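The values are calculated or read from the model by the stated rules, or taken from the named source; none is laboratory data. The structure displayed is predicted, hence computed values, not measured ones. A quick note on method: Cβ atoms are made from the backbone with ideal geometry, for glycine too, and the neighbour counts reach across all protein chains shown. These accessible areas exclude ligands, DNA and RNA; they are computed on the full protein's heavy atoms, side chains included. Shrake-Rupley method; radii C 1.70, N 1.55, O 1.52, S 1.80 Å.
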Amino acid sequence: MALQLRPNCEYCDKDLPPNSLEARICSYECTFCADCVETKIFNVCPNCGGGFAPRPIRPSQEWRPGISVVGHPPSDKRVHLKYPREEVAAHSARIKAVPPEGR
Ligand SMILES: [Zn+2]
Ligand SMILES: [Zn+2]
């Protein structure tokens with residue numbers, strides 16, 4: 001199974017295409033932009049409390065037959081924050097001091 005490659009930042013709704021260098025994902029593929037991860041949620045996923053890593057870029061060219069965004073297109077389902085921003089801020093404040101490997 002391939003990564004979903006969700007199309008936007010859950011926090012600010014910025015577009016994050018499959019070749020974006022700004023996309024960040026948690027282990028559940030919750031997807032945010034680098035700016036929101038750094039300045040809004042402080043490397044704490046609002047949904048699971050885990051940390052983030054850069055989302056790998058899916059090749060646009062078929063370097064191998066059937067293996068590219070053509071064969072495995074990105075998700076077109078935009079995802080939006082499920083929790084109020086104030087609650088997310090409190091969640092990040094509670095967890096950000098704990099390194100991801102200790103959460
Ligand atoms: Zn964002
Ligand atoms: Zn998450």
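Arg24 passes all but one of (1) assigned to a strand (DSSP E or B); (2) open to solvent by 70 Å² or more (accessible area, probe 1.4 Å); which number fails? (2) is the only condition that Arg24 fails.
Could you go through the stretch 54-66 and let me know if any residue there is within 11 Å of ligand 1 (Cβ to nearest atom) and either surrounded by fewer than 18 Cβ atoms within 10 Å (Cβ to Cβ) or among the hydrophobic types (A, V, I, L, M, F, W, C) (or both). There is no residue in the stretch 54-66 that is within 11 Å of ligand 1 (Cβ to nearest atom) and either surrounded by fewer than 18 Cβ atoms within 10 Å (Cβ to Cβ) or among the hydrophobic types (A, V, I, L, M, F, W, C) (or both). A search for C-beta distances below 6 Å between a residue of the stretch 33-56 that is free of Cβ contacts under 8 Å to residues at least 40 places away in the same chain and more than 9 Å from ligand 2 (Cβ to nearest atom) and any residue that is among the hydrophobic types (A, V, I, L, M, F, W, C) and open to solvent by less than 40 Å² (accessible area, probe 1.4 Å), counting only pairs 6+ apart in sequence or on different chains, returns Cys33/Cys9; Cys36/Cys9; Val37/Phe52.
Tell me whether the stretch 6-13 contains one or more residues that are out of contact with any strand residue (DSSP E or B) (no Cβ under 9 Å at 6 or more places or on another chain) and more than 14 Å from ligand 1 (Cβ to nearest atom). Taking every residue of the stretch 6-13 in turn, none turns out to be out of contact with any strand residue (DSSP E or B) (no Cβ under 9 Å at 6 or more places or on another chain) and more than 14 Å from ligand 1 (Cβ to nearest atom). Comparison of Gly71, Gly50 shows that the only residue that is touching a Cys at 6+ places or on another chain (Cβ under 7 Å) and in a loop (DSSP other than H, G, I, E, B) is Gly50.
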